[in-house]
1. Is there a residue being more than 30 Å from A:THR119 (Cβ to Cβ) and under 14 Å from the mean Cα position of the chain (by Cα) anywhere in the stretch A:188-200?
2. Determine whether A:ASP168 is in contact with a helix residue (DSSP H, G or I) (Cβ under 7 Å, 6 or more places away or on another chain) and acidic (Asp, Glu).
3. Could you tell me whether any residue of the stretch B:212-222 is surrounded by fewer than 20 Cβ atoms within 10 Å (Cβ to Cβ), over 22 Å from B:ALA289 (Cβ atoms) and among the hydrophobic types (A, V, I, L, M, F, W, C)?
4. What do you reckon, is A:VAL4 away from ligand 1 (no atom under 12 Å from the Cβ) and at pLDDT below 90?
5. Mind checking which pairs have a first residue in the stretch A:9-22 that is within 14 Å of chain B (Cβ to nearest Cβ) and within 16 Å of ligand 2 (Cβ to nearest atom) and a second that is modelled with pLDDT of 90 or more and part of a strand (DSSP E or B), Cβ under 7 Å, 6 or more apart or different chains?
6. Counting only residues that are more than 14 Å from every other protein chain (Cβ to nearest Cβ) and near ligand 1 (Cβ under 8 Å from one of its atoms), which one in the stretch A:36-58 is surrounded by the fewest Cβ atoms within 10 Å (Cβ to Cβ)?
7. Pairs needed: first member in the stretch A:33-55, outside the structural domain of A:GLN225 (by TED's automatic domain parsing); second member anywhere, near ligand 1 (Cβ under 8 Å from one of its atoms); C-beta distance under 6 Å; at least 6 residues apart or different chains.
8. Right, A:ILE33: within 14 Å of chain B (Cβ to nearest Cβ) and at pLDDT 90 or above or not?
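The values are calculated or read from the model by the stated rules, or taken from the named source; none is laboratory data. Only a predicted model underlies this, so the values are computations on that prediction, with no experimental measurement involved. As a convention, Cβ positions derive from the backbone with ideal geometry for all residues, glycine included, and neighbour counts pool all protein chains shown.
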Amino acid sequence: MITVDAVTKAYGDTPVLGPVSEVLADRGITSVIGPNGAGKSTLLTIAGRLAEPDSGTVHVHVDDAAGAVGLDVHRARSADVAKLVAVLRQENHFTARLTVRELVSFGRFPHSRGRLTPTDVAAVDEALGFLDLTALQGRHLDELSGGQRQRAYVAMVLAQGTRHVLLDEPLNNLDIRHAVRMMRLLRRVADELGRAVALVVHDVNFAAAWSDRIVAVRDGRVVAQGTPEEVVREDVLREVFDTPVRVHVLDGVPTAVYFR
Amino acid sequence: MLALVALSLAVGGYDITLETFLHDEKAREMFFISRVPRTLALVLAAAAMGVSGVVMQVLVQNKFVEPTTTGSSQWAALGIVGLAVVHPGAPTIVRMVVASLLALVGTLVFLGVLRRVSLRSSVVVPLVGIMLGSVVGAVTTYLASDNDLLQMLASWRSGGFNDIVRGRYEPLWIVGLVVVAVYVTADRFTIAGLGRDVATNLGLHHGRVVFTGTAMVALATGVTTVVVGFVPFLGLVVPNVVSLLRGDDVRRNLPWVVLASVALMVVCDLVGRTVVFPLEVPASVVLGAVGATAFVVLVLRRKGSLRG
Ligand SMILES: Nc1ncnc2c1ncn2[C@@H]1O[C@H](COP(=O)(O)OP(=O)(O)O)[C@@H](O)[C@H]1O
Ligand SMILES: [Mg+2]
């Protein structure tokens, strides 16, 4: 479980987030939706300790023999947090010419410190297989399409083997087919591997179709949250996006129509 | 590579053959006093510069940086000249400490300036370093000319190995240790090269890794500059060729970088020693010619793949 407690963030004089308090469960998929500039990335990167909050705390709770222990992600040893929470930013600028397999292997660094054990190799193989990258594992990152590279980075954070996986817009760069495959895969990560996935999603309908829980952010605040049925509603979405939206239930999933 | 090292041992102003080596006391002495130290110095200095280049390139995320294009070597020279002015008879160890510290300061200044440059992969980055280096070099020259040290400066700038004899090269073993340390911590540098966010996610303190790497490079540069002088472009050419052929995994590449750097260095030294025999062109001058050409070729080749 990750608990975000009264977190705020401002750039200069402009407050961009909070105060936000949120709990990310130990299982399932949580999607964060909201308009551009709402503070979704800021929230996710603070929860994943890539950015420091101005105030408030983020704790990750681990079950221990003595009960649940909370680890402050911004204060605890980075190497310890790296075994519990993995986070991937929206854009990953890189110049390194690594192969897909080398990149994914670095996901095991928190466990192996660079010397891969058979367990690490198995985790790398599994992550590569999960993301359909086995055939591409020998390719260099600069020889891949944007979508393939995106999948390689996701494989890296999966190989990290953490309870929590935070992804900022993992559907970016992906065509419809690969976007659906990515969501199906994240669903399997949550269901079969029992991990908790939190992601920022641009498309409300992807969030509605695949998530257990949706958190809607606007102007740096959480304005709605709950199951897809509770959040993907005409009145809620109109408030979140400031745009008239119709919602139809298609195949049992609330589906937003907002093209005109 | 071993053959090249053997050749380097065999070639020199004083005629030494296997025959004289075995039977002539004086030839043997010459061999151990001059030929062995010279070759060891070549090997160690080459490894130091090659490895420094790799580390700088991953940490800065730019293919064109190495100690002479970041200004680090020039700062080290400033340290040596400055020390020669205020404290002429300083022992070697003090000179190395001062040179390494100034190389560290210089590299940090360079990194600080880089923060304001947004295009990290561009050719602008080494230009910034070369500019900083020129400014520092000008100050050094001024200091030297004011204190009758120009000749000393000139001999460093051309980084000669001809006056390396026993008793002068030994400090270079320090850079051997640096090379080993880089190998042991290589994965951290590769990860840091993937950016601050990826490094943080994997449990590393990005700033700390960058500082450690910078300090290692500064130490290698400082020591090499004191003992040998400038060794230009080696850290640029070799790591780039290895990267093109084998990718950017620091640990996997390091042995290749060391081998190739040593080979190139020894070849340049042999060429310098033989083309105008019995005189010598310093290895660094040969290297500079080879390296500058390679630099231009690399810039042109990489231009297509340069993205922000
Ligand atoms: N490094 C930064 N400096 C200044 N403002 C920033 C920075 N990063 C984000 N912002 C601002 O913070 C707000 C929230 O950004 P972000 O969390 O990226 O939004 P979202 O991911 O929801 O589109 C935006 O108004 C953005 O302009
Ligand atoms: Mg965003």
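1. So far as the stretch A:188-200 goes, yes, one or more of its residues are more than 30 Å from A:THR119 (Cβ to Cβ) and under 14 Å from the mean Cα position of the chain (by Cα).
2. When the stated conditions are applied, A:ASP168 passes them.
3. The answer is yes, given that some residue of the stretch B:212-222 is surrounded by fewer than 20 Cβ atoms within 10 Å (Cβ to Cβ), over 22 Å from B:ALA289 (Cβ atoms) and among the hydrophobic types (A, V, I, L, M, F, W, C).
4. no
5. Short answer, once both residue conditions are applied: none.
6. A:ASN36
7. Filtered contacts from the stretch A:33-55: no entries.
8. Taking the combined requirement at face value, the residue does not satisfy it.
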